[in-house]
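One structure below.
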């Protein structure tokens with residue numbers, strides 16, 4: 001008497017559908033995330049104003065602080081002691097604005113000191129640049 005052998009089935013996990021789903025998710029996230037710089041997200045052409053206000057004409061004072069703590073105000077290097085005098089000279093009439101761009105590896109106390117000097121010199125709008 002001869003016994004019939006049962007056919008051996010491949011009992012493995014089919015990874016094809018799992019890989020398809022992973023690639024679909026990868027494509028979805030690649031398409032939905034924005035890689036564009038946030039400041040240039042939309043191409044908008046603003047209309048011309050008939051009478052420009054003083055606020056629109058003022059450009060912010062740019063204060064940059066590198067990792068070593070060197071301070072540059074509108075492309076001119078100053079030290080912390082001379083920063084107050086420089087900000088008084090740059091400040092004008094109307095609403096004063098400042099933009100502080102500090103290195104992320106910089107000591108936090110140095111940035112706070114610069115922000116305090118800006119506030120003490122009458123700058124109402126102080127922005128901190130981030131990436």
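The values are calculated or read from the model by the stated rules, or taken from the named source; none is laboratory data. Predicted model, so just to flag it, every value in this text is computed and none were measured. Every residue, glycine among them, receives a Cβ derived from its backbone with ideal geometry; neighbour counts consider all protein chains shown.
Observations on the structure shown:
- With respect to the conditions (1) surrounded by 11 or more Cβ atoms within 10 Å (Cβ to Cβ); (2) under 23 Å from the mean Cα position of the chain (by Cα); (3) over 15 Å from residue 71 (Cα atoms), residue 103 lacks only one, and its number is (3).
- Residue list for the range 76-100, filter: modelled with pLDDT of 85 or more, surrounded by 12 or more Cβ atoms within 10 Å (Cβ to Cβ) and not in a helix (DSSP H, G or I): 78, 97, 98, 99, 100
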